[in-house]
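Colleague: Quick one: structure below, then a few questions.
The values are calculated or read from the model by the stated rules, or taken from the named source; none is laboratory data. Quantities reported herein were computed from a predicted structural model and do not represent experimental measurements. With ideal geometry, Cβ positions are generated from the backbone for all residues, glycine too; neighbour counts draw on all protein chains shown. When the accessible area is computed, the model is the full protein with side chains, heavy atoms only, and any ligands, DNA or RNA have been set aside. Shrake-Rupley method; radii C 1.70, N 1.55, O 1.52, S 1.80 Å.
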Amino acid sequence: MAEDKYAWQKDTYRLWKENNYHGLLKGCVSAGKSRAGCNCIEGYLNDFGKDKEIWIIAPTNEILNQWKAEPQIKDLKNIKYMTYISAVNRLMERYKEDVYSVPDLLILDEAHTASAPVAGKVLNYGVPHILGLSGTPGGIEKAIGGVFQEVDWECANIAPTTIHYTFFPISEAESEKYKQKCASIKKYREDHPYSTMWNDDILSMLYLKRREYVYNMKSRLPLAVKLIKQNLGRRMMVFFERKKQVRELSTFLTHDGIDHCIHIAGDEHLDEYLDGMSDIVLCCKKLNSGFSDPSTEVGIIVSTALGQANHIQRVGRIIRPKEGKHADVYVLLAEGTNDEELYSQRKQMFPDEMVDKIEWRD
């Protein structure tokens with residue numbers, strides 16, 4: 001008999017209950033956290049009564065739509081679905097009313113979102129019970145009651161996947177400008193020996209500007225086009241840090257007659273991808289987490305922030321299981337820059353058998 005990848009879910013409600021109906025379920029991508037959350041909702045309503053008010057909160061409407069389709073809960077009338085910002089606004093409105101009331105339970109999907117100052121206000125209104133779900137908590141677990149269950153890669157139901165860390169040489173001009181930014185950081189630190197990124201806004205901005213320069217390097221785009229052409233005929237998502245990069249690559253692809261669609265704020269065409277009218281979607285952050293389309297076989301991370309959470313979430317969009325599927329994720333890394341930090345972190349993020357390294361040379 002095949003191993004049940006979801007056997008761990010049988011313990012989730014009990015462990016959460018023993019943690020006084022608070023805390024975080026920390027699970028790797030595609031482990032089945034949403035299904036475990038549904039089990040908790042069922043157990044909670046059985047214990048406290050069917051009339052309890054439950055809010056399911058997520059960073060995007062795409063994630064909320066997936067929750068609304070969950071068979072275990074889709075017909076329940078006392079569940080409300082909202083984004084973090086909408087939930088904060090709703091709680092603020094209730095607080096201003098003469099009779100202040102809060103929901104009985106918050107389900108925080110992608111709970112690390114609550115680490116952000118505005119979204120985190122959802123925790124300020126005394127909701128009695130909280131269940132967080134995240135693969136990359138980022139410290140939020142302390143605010144919601146600690147980690148009561150952790151699910152590792154052995155329990156993940158993912159497609160066979162290879163992550164290709166693809167190094168490419170940058171131009172001489174890019175190299176020179178990068179060195180100048182490094183020199184500016186070095187000089188500032190020498191002049192201000194007690195400064196850190198956390199206590200000095202100027203130093204923090206210097207680091208940020210250097211990072212922005214790295215992931216905006218023009219040298220990324222020709223390699224991205226080449227990888228897209230190599231994988232034509234496969235369903236793929238292409239990730240960026242900036243909208244400008246999305247539009248620049250779109251221009252390249254249009255010039256070469258390669259059909260694609262874009263999903264960024266103000267230019268939303270995700271339905272074209274989901275309906276199969278286009279096999280390529282270019283996106284900027286909005287699809288970093290929660291989005292699930294098992295037919296996607298290829299991910300090309302053209303530019304990325306250095307944070308592990310951002311990287312793991314993007315890879316997670318590609319590795320959803322489907323019969324006969326092998327997934328490939330290409331991570332473009334600029335040689336001689338702090339991009340290499342991401343490669344040095346790889347063993348902390350993914351099993352060794354998933355990771356490959358490609359030295360890119362034309």
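Colleague: So what is the calculated 222 nm ellipticity per residue for the chain, using -39500 (n - 2.57) for each DSSP H run with n of 4 or more, over all residues, to the nearest 500 deg cm²/dmol?
Modeller: Only helices count here, giving -11000 deg cm²/dmol.
Colleague: On the protein heavy atoms, probe 1.4 angstrom, tell me the percent of accessible surface of the chain carried by carbon and sulfur.
Modeller: 50 percent
Colleague: Can I ask one more? Explain nothing, just the number: dipole magnitude of the stretch 1-51 about its Cα centre with +1 on each Lys and Arg Cβ and -1 on each Asp and Glu Cβ, in debye rounded to the nearest 20.
Modeller: Approximately 140 debye in magnitude.
Colleague: Then there is this: May I ask you to evaluate 6.51 cos²θ - 1.76 cosθ + 1.60, the Karplus curve with θ = phi - 60°, for each residue of the stretch 20-28 and list the ³J(HN,Hα) values in order in whole Hz, giving x for glycine and proline?
Modeller: Rounded to whole hertz, the list is 6, 6, 9, x, 10, 8, 9, x, 5.
Colleague: Describe numerically, in nm with one decimal, the distance between label points set 7 Å from Cα along Cα→Cβ at GLU150 and at ALA69.
Modeller: Roughly 3.2 nm, to one decimal.
Colleague: For the stretch 77-211, which semi-axes, largest first and in whole Å, follow from the square roots of 5 times the eigenvalues of its Cα gyration tensor? Let's see the in-between values first.
Modeller: Values: eigenvalues 326, 121, 40 Å².
Ellipsoid semi-axes (Å, largest first): 40, 25, 14.
Colleague: Explain nothing, just the number: relative contact order of the stretch 110-254, from Cα pairs under 8 Å at least 6 residues apart, as a whole percent.
Modeller: Details: 63 pairs, mean separation 21.6, N = 145.
Taking the mean separation of contacting Cα pairs over the length of the stretch 110-254, I get 15 percent.
Colleague: Hey, another quick one. Could you please report the charge total around GLU70, scoring K, R as +1 and D, E as -1 over all other residues with beta-carbon less than 13 angstrom from its beta-carbon?
Modeller: Net local charge, GLU70 excluded: +1.
Colleague: Let me ask you something else. Please name whichever of TYR343, LEU208, GLY299 sits farthest to the positive end of the charge dipole of the stretch 204-362, dipole taken about the Cα centre and charges placed at Cβ: Lys and Arg +1, Asp and Glu -1.
Modeller: LEU208
Colleague: What is the distance, in nm, between label points placed 7 Å from the Cα along the Cα-to-Cβ direction at LYS17 and at ASP200?
Modeller: 5.4 nm
Colleague: Cα to Cα, under 18 Å, and not fewer than 8 places away if on the same chain: which aspartates and glutamates meet these conditions relative to LYS74?
Modeller: Qualifying aspartates and glutamates at Cα under 18 Å: GLU42, ASP51, GLU53, GLU62, ASP109.
Colleague: Still on this model: Can you pull the three principal axis extents for the Cα set of the stretch 125-183, in Å, largest first?
Modeller: 57, 37, 14
Colleague: Could you list the square roots of 5 times each eigenvalue of the Cα gyration tensor of the stretch 213-341, that is, the equivalent ellipsoid semi-axes, sorted largest first and rounded to whole Å?
Modeller: Details: eigenvalues 85, 61, 40 Å².
Whole-Å semi-axes of the equivalent ellipsoid: 21, 17, 14.
Colleague: Mind checking the angle between helix 308-318 and the chain's longest principal axis? C-alpha axes, 0 to 90 degrees, to the nearest 10.
Modeller: 80 degrees
Colleague: Using only Cα atoms and rounding to the nearest 10 degrees, what angle (0 to 90) does helix 172-191 make with the longest principal axis of the chain?
Modeller: Roughly 60 degrees, rounded to the nearest 10.
Colleague: Would you calculate the convex hull of the Cα atoms in the stretch 1-148 and tell me its volume per residue in Å³?
Modeller: In the stretch 1-148, the Cα convex hull volume per residue is 115 Å³.
Colleague: May I ask which residue of LEU45, MET354, HIS112 lies farthest towards the positive end of the charge dipole of the chain, with charges of +1 (Lys, Arg) and -1 (Asp, Glu) on Cβ and the Cα centre as origin?
Modeller: It is HIS112, whose Cα lies furthest towards the positive end.
Colleague: If a/c stays under 1.5 just call it rounded; otherwise compare a/b with b/c (prolate if a/b is bigger, oblate if not). Do that for the stretch 152-210, with a ≥ b ≥ c from the square roots of the Cα gyration tensor eigenvalues.
Modeller: Taking the square roots of the gyration eigenvalues as a ≥ b ≥ c, the stretch 152-210 is oblate.
Colleague: What percent does the relative contact order of the chain come to when contacts are Cα pairs within less than 8 Å and at least six residues apart?
Modeller: Averaging sequence separation for qualifying contacts and normalising by length gives 20 percent for the chain.
Colleague: Under 18 Å Cα to Cα from LYS96, which lysines show up? Leave out anything in the same chain fewer than 8 places away.
Modeller: LYS121
Colleague: If you wrap a convex hull around the C-alpha atoms of the stretch 91-139 and split its volume per residue, what is the figure in Å³?
Modeller: Value for the stretch 91-139: 71 Å³ per residue.
Colleague: Taking the solvent-accessible surface of protein heavy atoms with a 1.4 Å probe, what is the per residue accessible area of the stretch 77-233 in Å²?
Modeller: Per residue, the stretch 77-233 has 52 Å² of solvent-accessible surface.
Colleague: Ignoring ligands, DNA and RNA, how do PHE148, PHE168, PHE48 rank by accessible area with a 1.4 Å probe, largest first?
Modeller: So the residues, ranked largest to smallest area, are PHE48, PHE148, PHE168.
Colleague: Now for a separate question. Pop a pseudo-label 7 angstrom from the Cα along the beta-carbon direction at both TYR213 and LYS226 and give the gap in nm to one decimal.
Modeller: About 2.4 nm separates the two model spin labels.
Colleague: Further question: Suppose a student asked you for the relative contact order of the stretch 230-353, using Cα pairs under 8 Å spaced at least 6 residues apart; what percent would you report?
Modeller: So the answer I get is 26 percent.
Colleague: I'd like the antiparallel share, as a percent to the nearest 5, of DSSP beta bridges with both residues in the chain.
Modeller: The answer is about 5 percent antiparallel.
Colleague: Can you list the lysines whose alpha carbon sits under 22 Å from that of LYS187, skipping same-chain ones fewer than 8 residues off?
Modeller: Answer for LYS187, where 22 Å is the Cα cut-off: LYS177, LYS179, LYS209, listed by chain and number.
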